[in-house]
Amino acid sequence: MKHTFNACLVRIAVVLVLCLAVTIATGHAQENVCVKCHGSLPGKYGEPVTLWKTSIHAENGIYCNECHGGDPGDMGNAMKPDRGFRGVPRETAIPETCGRCHVGVLKDYQTSAHGKRLGNGGPTCVTCHGNHAVKKASLDIINEKTCTQCHSYERARLMKLAMQETEGQITALDARIQSLKLQGKASEGMEQSLFGARNRFHTLFHNISVEKVQSESAAIRKDLDVIRRQIDVIDQAEKKRKMAGAAAVGGVLLAVLLFWLLGRSYDT
């Protein structure tokens, strides 16, 4: 009876696993309807998929319907308006389209000189980030090739220099905080402070005032110095603890050696 009951449990488990696999496979297929169809088309109709596969969107599982709308699970009706299909957004609607996910970034863009020239020769999100081969937001996007589409590179170069130092400090501090967490050290406060500094830093990416970027970057670096000093204090305390431990172990070993030598002197 027990053997039969166990066999039944095994069968139930197998069925559940198979059902889960089918569900995952079905969901995956639904997410890829747009990709499957356009990926098989030649020329300009298939190129968006080729470009998308290299993007940060593809890396994070963001599919065509997130921007263009439509039904990603029904190939026959995917591009019907009543299924939410929006098609290619007009130029002035691009920031709002991207802003459905990137809410904070949209606000930064709209208040910037770039955003204020939307529809009047100003750049949109895709001008700098690309449309299908969307690039990860980083200082690499600020480069001579991209910026000189509209103006000279000199101002952008100065802003990038100011931001590079700040970004390097943020990256270094993040690595040190993660190391502290792995050691079980209290780091929540420093992590929150770094999170706030990083968010302030990110708001500079759409600002085109050299003076503001330079002054704000300098202010952020001062806040980062506070975090760095807090980590230094923890590191120094840990170093002293290790030195004290090593000294204690050394003292014990020395005492053992002295007792051993003393014992030998009595034996002789």
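The values are calculated or read from the model by the stated rules, or taken from the named source; none is laboratory data. It should be emphasised that the depicted structure is a prediction, and the values quoted were computed from it without experimental measurement. Glycine also receives a Cβ, built like all others from the backbone with ideal geometry; neighbour counts cover every protein chain displayed. When the accessible area is computed, the model is the full protein with side chains, heavy atoms only, and any ligands, DNA or RNA have been set aside. Shrake-Rupley method; radii C 1.70, N 1.55, O 1.52, S 1.80 Å.
Across all directions, the average flat footprint of the convex hull enclosing the Cα atoms of the chain is 30.3 nm². The charge dipole of the chain, taken about the Cα centre with unit charges on the Cβ atoms of Lys, Arg (+1) and Asp, Glu (-1), comes to about 240 debye, rounded to the nearest 20. For ASN131, no residue 5 or more places off, or on another chain, has a built amide H under 5 Å of its own.
I'd like the carbon and sulfur percentage of the solvent accessible area for region 114-237, probe radius 1.4 Å, heavy atoms only, ligands and nucleic acids excluded.
Ligands and nucleic acids excluded, carbon and sulfur give 53 percent.
Using heavy atoms of the protein chains and a probe of 1.4 Å, the accessible area assigned to TYR45 is about 130 Å².
For region 126-214, the solvent-accessible area of protein heavy atoms averages 59 Å² per residue (probe radius 1.4 Å; ligands and nucleic acids excluded). Rounded to the nearest Hz, the phi-derived 3J(HN,Hα) couplings of region 75-81 under the Karplus curve 6.51 cos²θ - 1.76 cosθ + 1.60 (θ = phi - 60°) are 4, x, 10, 4, 9, 8, x, where x marks glycine and proline.
Placing +1 on the Cβ of every Lys and Arg and -1 on the Cβ of every Asp and Glu, with nothing else charged, gives region 136-268 a dipole about its Cα centre of roughly 140 debye. With r as the distance between the Cβ atoms of THR50 and GLN178 and R0 = 35 Å, compute the FRET efficiency 1/(1 + (r/R0)^6) and round to 0.05. According to the calculation, E is roughly 0.50. Remark: region 179-192, residue by residue, has Karplus-estimated 3J(HN,Hα) of 5, 4, 4, 5, 7, x, 7, 5, 9, 4, x, 5, 5, 5 Hz, where x stands for each Gly or Pro and the curve is 6.51 cos²θ - 1.76 cosθ + 1.60 at θ = phi - 60°. Please list log₁₀ I(q)/I(0) at q = 0.28 Å⁻¹ for region 181-239, using the Debye equation with identical point scatterers on the alpha-carbon positions. With one equal scatterer per Cα and no solvent, log10 I(q)/I(0) is -1.14. Simple rule: put +1 on each Lys or Arg Cβ and -1 on each Asp or Glu Cβ in the chain, find the dipole, and look at HIS38, ALA218, ILE142; the Cα lying farthest toward the positive end is ALA218. Entry note, the chain: relative contact order of 13 percent, from Cα contacts under 8 Å with a spacing of 6+ residues. Mean sequence separation of contacting Cα pairs (under 8 Å, at least six apart), scaled by the length of region 49-88, corresponds to a relative contact order of 29 percent. Over what distance in Å are the Cα centres of region 155-169 and region 195-265 separated? That distance is 25 Å.
Taking the longest Cα principal axis of the chain as reference, the axis of helix 2-31 is set at about 50 degrees. Across region 162-178, coupling constants 3J(HN,Hα) worked out from phi with the 6.51/-1.76/1.60 Karplus curve, θ = phi - 60°, read 5, 7, 4, 4, 5, 4, x, 5, 4, 4, 5, 5, 4, 5, 5, 5, 4 Hz, and Gly and Pro carry x.
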